[in-house]
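The values are calculated or read from the model by the stated rules, or taken from the named source; none is laboratory data. These figures come from a predicted structure and were not determined experimentally. Cβ atoms come from the backbone with ideal geometry, glycine included; neighbour counts cover every protein chain shown.
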């Protein structure tokens, strides 16, 4: 719902919803205008600014209505993992704690914090991890590895380090048939970095930092997604926006220290469909000509948040996103390889170029990620009955998108933990993946 003068006047005169505070009860007429706007946004559940348009009618706290549709497999995992869902599920953040103004959102985690790159400490041969596994299988040449025969909850610290390095080299690593309590999932995330606690997304009750991935729930709350519209954003994200996670994206690129390792565990999986696709930023970079690489190396771009906020100095002037500047080509701190750090959803422009030049180049770079099947892997989550499946990926050097072909006919529910990583950097002495591995690099005439 757009915030404008007409909206304010209407709510001031006509608010009759008993679930909302009346305008005069909320507003101090002598308060600054921005403070009055903030009170209105926080008190009227119909205003969706603090929900970024997704299910604006959510009420804070554990949701009893969500519990009614929670899949049995998810309920069993949560209860056995010690999660109290007696009051409802999921836990919806308190609107009073969600940033309204863009400066508030920008200030979250705006300082450097210590980060240990676990993969840099790992045995390059990964003997501890590989010896404990039944099999380790690369699914494609450039991205994706499946590990069988071990449980993530039983990993030693040495194995966690080696797994981090495997994830950072292969982009994404998969584990079927897992028994994984939510708290153990978060503990793994804590080991790999600072777990991001999102101020807007639904969480597992009592475990902040574990985001609930459950499209069925948001559809129940009013999210408009269907067979025809779920993929529109891949054609034009600015015009059509995003109705879910079906748009190619990289998470949390607007952070001062963006996402590193992310771990999604699905405990409720459709019999057919509901896959996820990843693409490698290492391989995408190596698709470029050597001259184009030289042009891009050292360039920076503006990256924006998925959620939108108000401008405190101009609250009626439209929604704003958090913006941060990072290198367009980054160097990975564990592998030392260069990778292309762009995504269609949240890369706004290249610094130093005209808007036309920037759009032309970025759209080509988006296409390099999205249209080259040989840099991608598609994963089907199916596990044996009673078990879940985990995907652990490097959110720096990959993009991903989900496939909503099951259309909610069968349940799909999971939990996600994201560990934040280093301040992005580019080392001009670093090599591309193919260069580092001694693979052929074609030269244009």
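Among the residues of segment 239-269, write down those that are over 17 Å from the mean Cα position of the chain (by Cα) and either modelled with pLDDT under 95 or at positive phi (or both). Steps first, answer last, please.
Applying the first criterion (over 17 Å from the mean Cα position of the chain (by Cα)) to segment 239-269 yields 239-240, 267-269.
Selection gives 239, 240.
Could you list, in sequence order, all residues of segment 344-365 that are buried (at least 21 other Cβ atoms within 10 Å of the Cβ) and part of a helix (DSSP H, G or I)?
Of everything in segment 344-365, just one residue is buried (at least 21 other Cβ atoms within 10 Å of the Cβ) and part of a helix (DSSP H, G or I), namely 365.
From the list 383, 402, pick out the single residue that is within 20 Å of the chain's Cα centre (by Cα) and either under 30 Å from residue 148 (Cβ atoms) or in contact (Cβ under 8 Å) with a residue 24 or more places away in the chain (or both).
On the way: 383 fails: within 20 Å of the chain's Cα centre (by Cα).
None of the others qualify; the one that does is 402.
Among the numbered criteria (1) within 30 Å of residue 431 (Cβ to Cβ); (2) outside any strand (DSSP E or B); (3) in contact with a helix residue (DSSP H, G or I) (Cβ under 7 Å, 6 or more places away or on another chain), which one does residue 261 miss?
Status for residue 261: all satisfied but (2).
Among the listed residues 85, 143, which satisfies the condition of being assigned to a loop (DSSP other than H, G, I, E, B), at pLDDT 95 or above and closer than 21 Å to residue 186 by Cα?
Numbers: 143 fails: closer than 21 Å to residue 186 by Cα.
Of the residues listed, the single one that is assigned to a loop (DSSP other than H, G, I, E, B), at pLDDT 95 or above and closer than 21 Å to residue 186 by Cα is 85.
Which residues, counting only those in segment 146-175, are within 30 Å of residue 218 (Cα to Cα) and surrounded by fewer than 19 Cβ atoms within 10 Å (Cβ to Cβ)?
153
Only residues that are farther than 24 Å from residue 383 by Cα and assigned to a helix (DSSP H, G or I): list them for segment 123-140, please.
127, 128 - these are the residues of segment 123-140 that are farther than 24 Å from residue 383 by Cα and assigned to a helix (DSSP H, G or I).
Scan segment 287-299 and give yes if some residue there is surrounded by fewer than 19 Cβ atoms within 10 Å (Cβ to Cβ), under 19 Å from the mean Cα position of the chain (by Cα) and in the same structural domain as residue 100 (by TED's automatic domain parsing), otherwise no.
no
Confirm whether residue 444 is in contact (Cβ under 8 Å) with a residue 40 or more places away in the chain, over 17 Å from the mean Cα position of the chain (by Cα) and outside the structural domain of residue 201 (by TED's automatic domain parsing).
Details: in contact (Cβ under 8 Å) with a residue 40 or more places away in the chain: yes; over 17 Å from the mean Cα position of the chain (by Cα): yes; outside the structural domain of residue 201 (by TED's automatic domain parsing): yes.
Considered against the rule, which asks whether it is in contact (Cβ under 8 Å) with a residue 40 or more places away in the chain, over 17 Å from the mean Cα position of the chain (by Cα) and outside the structural domain of residue 201 (by TED's automatic domain parsing), residue 444 comes out as yes.
Check whether at least one residue in segment 186-200 is more than 26 Å from residue 387 (Cβ to Cβ), surrounded by 22 or more Cβ atoms within 10 Å (Cβ to Cβ) and touching a strand residue (DSSP E or B) at 6+ places or on another chain (Cβ under 6 Å), and report yes or no.
Quick first cut of segment 186-200, residues more than 26 Å from residue 387 (Cβ to Cβ) only: 193-194, 196-200.
Pick out the ones that are also surrounded by 22 or more Cβ atoms within 10 Å (Cβ to Cβ) and you get 193, 196.
Pick out the ones that are also touching a strand residue (DSSP E or B) at 6+ places or on another chain (Cβ under 6 Å) and you get 193, 196.
Scanning segment 186-200, I find at least one residue that is more than 26 Å from residue 387 (Cβ to Cβ), surrounded by 22 or more Cβ atoms within 10 Å (Cβ to Cβ) and touching a strand residue (DSSP E or B) at 6+ places or on another chain (Cβ under 6 Å), so the answer is yes.
Scan segment 198-236 residue by residue and report those that are in contact with a helix residue (DSSP H, G or I) (Cβ under 8 Å, 6 or more places away or on another chain), part of a helix (DSSP H, G or I) and either more than 24 Å from residue 259 (Cα to Cα) or at pLDDT 90 or above (or both).
Result: 216, 217, 220, 232.
Tell me, yes or no, whether segment 75-82 has at least one residue that is assigned to a loop (DSSP other than H, G, I, E, B), touching a helix residue (DSSP H, G or I) at 6+ places or on another chain (Cβ under 9 Å) and in the same structural domain as residue 171 (by TED's automatic domain parsing).
From segment 75-82, those assigned to a loop (DSSP other than H, G, I, E, B) are 81-82; that's our starting set.
From what is left, the residues that are touching a helix residue (DSSP H, G or I) at 6+ places or on another chain (Cβ under 9 Å) are 81-82.
Restricting the remaining residues to those that are in the same structural domain as residue 171 (by TED's automatic domain parsing) gives 81-82.
Yes.
Within segment 172-197, how many residues are free of Cβ contacts under 8 Å to residues at least 24 places away in the same chain and assigned to a loop (DSSP other than H, G, I, E, B)?
From segment 172-197, those free of Cβ contacts under 8 Å to residues at least 24 places away in the same chain are 187, 197; that's our starting set.
Cutting the leftovers down to assigned to a loop (DSSP other than H, G, I, E, B) gives us 197.
Of the residues in segment 172-197, 1 are free of Cβ contacts under 8 Å to residues at least 24 places away in the same chain and assigned to a loop (DSSP other than H, G, I, E, B).
Please specify each residue of segment 379-403 satisfying the condition of being assigned to a strand (DSSP E or B) and over 21 Å from residue 280 (Cβ atoms).
Hit for segment 379-403 is 388, nothing else.
Looking only at segment 312-341, which residues are under 25 Å from residue 352 (Cβ atoms) and more than 20 Å from the chain's Cα centre (by Cα)? Lay out the reasoning, then the answer.
Taking segment 312-341 and keeping what is under 25 Å from residue 352 (Cβ atoms), we get 320-332, 337-341.
Correct list: 331, 337, 338.
Can you confirm whether segment 89-112 contains a residue that is in a loop (DSSP other than H, G, I, E, B), closer than 27 Å to residue 383 by Cβ and either in contact (Cβ under 8 Å) with a residue 40 or more places away in the chain or not assigned by TED's automatic domain parsing to the domain that holds residue 185 (or both)? So that I can check it myself, show each step before the final result.
Start the filter on segment 89-112 by keeping residues that are in a loop (DSSP other than H, G, I, E, B), which leaves 89-90, 93-94, 98-100, 108-112.
From the residues that got through so far, the ones that are closer than 27 Å to residue 383 by Cβ too are 89-90.
Next cut, either in contact (Cβ under 8 Å) with a residue 40 or more places away in the chain or not assigned by TED's automatic domain parsing to the domain that holds residue 185 (or both) only: 89-90.
Yes: segment 89-112 contains one or more residues that are in a loop (DSSP other than H, G, I, E, B), closer than 27 Å to residue 383 by Cβ and either in contact (Cβ under 8 Å) with a residue 40 or more places away in the chain or not assigned by TED's automatic domain parsing to the domain that holds residue 185 (or both).
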